[in-house]
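In what follows, a structure is listed as structure tokens, so that the remarks can point back to it.
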Ligand code: 15L
């Protein structure tokens, strides 16, 4: 059985993924704090800090692949995002390269493109439109993964994750939701598919209201089993408790876009960006 390192292993997404992935791989789990009390026989815990390269080298030793969920998971000040996600991911990729870890899964985010209006359907060939420093760090991570694939031969999958939960939490999540089982399926493709070089895919289930063209994931064999629409009544009832958000509701990134917004709303909504 292959050995896979998972960073950010104490976080919410990792906690949902562990039972789904440890049936297929031996897991080396890592986060900054102490081990959780529910480790399975083929899960090992190593405390490590992404900003400390000396702590990452032992983590990678003997691993076949890496699932990078660690770092800052929401918007924060530049120094925090820079250390955790920009410098942190470079440390991770460098340690992977040095240890000969050939496969990397990068948890990118929909916030790399959050300023696309909800009226636009986008794919992976449009320019990125980050909705904060956090989104910038995810766009950076995708570029870094591309470099390590081209120059140093790693095989990298950057998954632009929507929102991982048992069911979509509100109106926006009906378009971007992904069930943990579908994310686990996509990660396994990233770890095992023979033809991956650097692939950017969307972490989304089979959602009728999707804003994203997930053709690359489908062409790699991804077949999501869950659909947000099955939970539409629940999501809309939750939405009714929150009420409208005049700026956030216009953009795919939602409140991340509205937070501190002081731009030209009309121009941001109508801008036509060149394709990459
Ligand atoms: C993300 O990237 C965050 O990590 C997560 O906490 C959610 O905010 C999610 O995006 C989302 O857009 O719903």
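Read the figures in this text as sums done on the coordinates, not as results from a lab. If you're wondering where the values come from, they're calculated on a predicted model, not measured in any experiment. Every residue, glycine among them, receives a Cβ derived from its backbone with ideal geometry; neighbour counts consider all protein chains shown.
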Over the chain: Kirkwood hydrodynamic radius from C-alpha pairwise inverse distances, Å: 19.0
On Cα atoms only, tilt of 133-152 relative to the major axis of the chain in degrees: 50
The chain: antiparallel DSSP beta bridges as a percent of all, rounded to 5: 5
Theoretical ellipticity at 222 nm over the chain - DSSP helices of four or more residues, -39500 (n - 2.57) apiece, nearest 500: -10000 deg cm²/dmol
Residues residue 261 and residue 23, FRET efficiency given R0 of 41 Å [Cβ-Cβ distance, rounded to 0.05]: 0.40
Sequence ranges 165-172, 135-142, ranked by mean other-Cβ count within 10 angstrom, highest first: 135-142, 165-172
Simple spin-label estimate for residue 3 and residue 208 in nanometres, 7 Å along Cα-Cβ: 4.8
Most to least packed among 21-32, 222-233, 174-185 [average Cβ atoms within 10 Å]: 174-185, 21-32, 222-233
Antiparallel bridges, percent of DSSP beta bridges restricted to segment 120-276 (to nearest 5): 10
Rounded tilt (10° steps) of 12-21 against the dominant C-alpha axis of the chain: 60
Extension gain (nm, one decimal) between residue 74 and residue 225, 0.36 nm per residue minus Cα-Cα: 51.6 nm
Between helix 88-99 and the chain: long-axis angle, C-alpha atoms, 0 to 90°, nearest 10: 30
